[in-house]
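Everything below concerns the one structure shown next.
The values are calculated or read from the model by the stated rules, or taken from the named source; none is laboratory data. Predicted, not measured: the structure shown is a model, and the values here were computed from it. When we count neighbours, we look across all protein chains shown, and the Cβ atoms used for this are built from the backbone with ideal geometry, even at glycine.
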Amino acid sequence: MQNKLKELKQKFISNLKTLKVEEELEVLENNLLWKKWELNNILKWIKDLNVDEKKTVWVEANKLKNFIQEEISKKKVELEELKYNEMDEREAIDVTINFPSKELWHKHPISITTSLMEEIFISLGFKVEDGPHIEIEDYNFEKLNIPDDHPARDVWDTFWISDDINKNRKIWDKYLLRTHTSPVQVRTMLKWELPIKIIVPGRVFRYEQEDSRHTCNFYQLEGLVVWKWVTFGDLKWTLDTVMKKLLGEWVELRFRPSIFPFTEPSAEIDISCQICKQSDPNCRMCSGTGWVELLWAWMVHPKVLTDCWIDPEVYSWFAFGIWIDRIAAQKFWVNSSRMFYQSKLKLNEQF
């Protein structure tokens, strides 16, 4: 039996050396490690061995399995590097060619606002994280304590999509354009690298009726802090500090109690309108109220921590979200968020 394992190892090594493309590597991997793997065919005769031989064979078989997996992983990296090197050679261009530019470029207001917010949060000790725009239902809803039959699902107007070309797709997975950047928080917590202090700026998608404050594609920044003895007071201080650094010391924040399905307690946060200075009853941005909802914040439900293998008896956390589009509108006195997506050069050329 041990001789057969050695023969299989030698066969694997010799075949691995001859591989040139990733498709061939996948075939080899499937033949060795999945349903019809050769290792399994060898071990099906283990019942005929005595107890001591069984123990020895199982140990050797596991060593071989781990060896095969490690070598396949290394080979994948090697083939990917080879592929990209060949692409670089084929698509090489002379970047030293000089040609005049007719117009200078302009940064988009949302990009400027995002960069400013990142700088402020980094100065407070936060790290910047990112994640995919196409998410699975589990990360976008389930692990945030929003199951399929939860009434809170009615709040999210979701773009569901198919992902048939994804080779890693599982049959039971449902895909969607992410409705918030909270899935990145889940992905970060599942790494279990505590303490966690991150922000997640990014693009999100919801099927919304568009107006001065709503679009179906927009940008938000979410933050997450997980550590011992974190309180709502820490949350309030953080948001107050960031808004004053971003919009000015005269900005006022108003916290309103609210209910979210995955939080306790929760608040929606308004700031004093910077466009009308709380003095124009016809202001489209604040609807004449003098206040604009720009943030939301919460202490997250213990079940979300438990689902991410973090003990809620030891750790606590707070999270928050900020509408980047609305912040940009307030900062640059733009009276409708829709203008950011209408490709108006008169707007962009001012930046």
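Quick notes on this one:
- The range 334-351: number of residues that are among the hydroxyl-bearing types (Ser, Thr, Tyr) and in a loop (DSSP other than H, G, I, E, B): 2
- Taking the numbered list (1) surrounded by 13 or more Cβ atoms within 10 Å (Cβ to Cβ); (2) in the same structural domain as Glu22 (by TED's automatic domain parsing); (3) not β-branched (Val, Ile, Thr) in turn, Leu144 passes all entries but (2).
- Output for the range 317-351, where each listed residue is over 21 Å from the mean Cα position of the chain (by Cα) and at pLDDT 80 or above: Arg326, Ile327, Ala328, Ala329, Gln330, Lys331, Phe332, Trp333, Val334, Met339, Phe340, Tyr341
- Selection from the range 285-301 of residues that are at pLDDT below 80 and more than 21 Å from the chain's Cα centre (by Cα): Met285
- Among the residues listed as Val304, Val251, the single one being assigned to a loop (DSSP other than H, G, I, E, B) and either within 22 Å of the chain's Cα centre (by Cα) or modelled with pLDDT of 80 or more (or both): Val251
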